[in-house]
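The values are calculated or read from the model by the stated rules, or taken from the named source; none is laboratory data. In this text, all values refer to a predicted model and were calculated from it rather than measured experimentally. Every residue, glycine as well, gets a Cβ built from its backbone with ideal geometry; the counts of neighbours run over all protein chains shown.
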Amino acid sequence: MEHGKTIKDMPRETRPYERCFANGPKSLSDEELLAVIIRTGGHGKNSVELAREILTYMGKEGIGGLSTLTGQELTQIRGIGMVKAVQLLCVGELAARIAKHRRRETLSFQTPASVAEYYMEEMRHKQKEEVLLLLLDAKSKLIREITVSIGTVDYAVASPREVFIEALRYQAVGIIMLHNHPSGDPTPSRMDLVSTRQIREAGELIGISLIDHIIIGDNNYTSFSEKKLL
């Protein structure tokens, strides 16, 4: 097979471009969709074969793995250089943003399950703990979301000072805290319990309510308000 062979070198009836134009993108397999994006192959593989190798590399996660891989990991695949890696990273990010935008239409900040579902895909794949602060107005509408802390694989703490500097800056009436557990287990740690209590008490003093603290695991979550831990 010729090095760097393109989709144009394939028989017309099997070319993803022609099939997509005639029947729509839903008619394409995952590897064909990836092949259209990367356009050319490399190291003796055409683009469809290279796409198949990418999916094999991502294992059981399949196409969903695009949202979890780094550029460095993608370039470990023979035939994927910096340009192709960036293309794939951008596709993964674009898909995540589209999905998040669609979920937002049904998002209710008064319902923990709705909030957890909305932020699940964004947070459950992170390799380090991050604390996300949601600032809400008097009608429970989102004013702003801010990352206030990035920690290690098992530790991230946001101090009351960090939280309420942001809350006061944007004149928030209520706040929701979210953070992820990279282990996949959303059970609150002792530090989670202590820091949440400190933030709730500080908020009571200045008139800003801590509505909830939600810990995101791997397709599961713990809500402090649901568990009556606030």
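Here are some notes:
- Any pair with Cβ under 9 angstrom, 6 or more apart, that starts in region 18-41 at a residue that is surrounded by fewer than 16 Cβ atoms within 10 Å (Cβ to Cβ) and ends at one that is not in a helix (DSSP H, G or I): R39/T6
- Within region 91-125, the set of residues being touching a residue at least 40 places away in the same chain (Cβ under 8 Å) and either in contact with a Lys or Arg (Cβ under 8 Å, 6 or more places away or on another chain) or assigned by TED's automatic domain parsing to the domain that holds L69 (or both) comprises V91, F109, E121.
- Just so you know, in region 69-87 the residues that are part of a loop (DSSP other than H, G, I, E, B) and under 17 Å from the mean Cα position of the chain (by Cα) include one that is surrounded by the most Cβ atoms within 10 Å (Cβ to Cβ), and it is L69.
- Where E162 falls short, out of the listed (1) part of a helix (DSSP H, G or I); (2) more than 20 Å from I206 (Cβ to Cβ); (3) among the charged types (D, E, K, R): (2)
- Per the conditions (1) over 18 Å from T111 (Cβ atoms); (2) in a loop (DSSP other than H, G, I, E, B); (3) without any contact (Cβ under 8 Å) to a residue 24 or more places away in the chain, the sole criterion not satisfied by D185 is (3).
- Which numbered condition V91 fails, given (1) among the β-branched types (V, I, T); (2) surrounded by fewer than 11 Cβ atoms within 10 Å (Cβ to Cβ); (3) more than 30 Å from K141 (Cβ to Cβ): (2)
- None of K126, K100, K84 is basic (K, R) and either at pLDDT 90 or above or farther than 27 Å from S149 by Cα (or both) except K84.
- Residue in region 196-205 that is part of a helix (DSSP H, G or I), among the acidic types (D, E) and exposed (fewer than 14 other Cβ atoms within 10 Å of the Cβ) present: yes
- Index of the failed condition, T68 passing every other in (1) touching an Asp or Glu at 6+ places or on another chain (Cβ under 9 Å); (2) on the phi > 0 side of the Ramachandran plot: (2)
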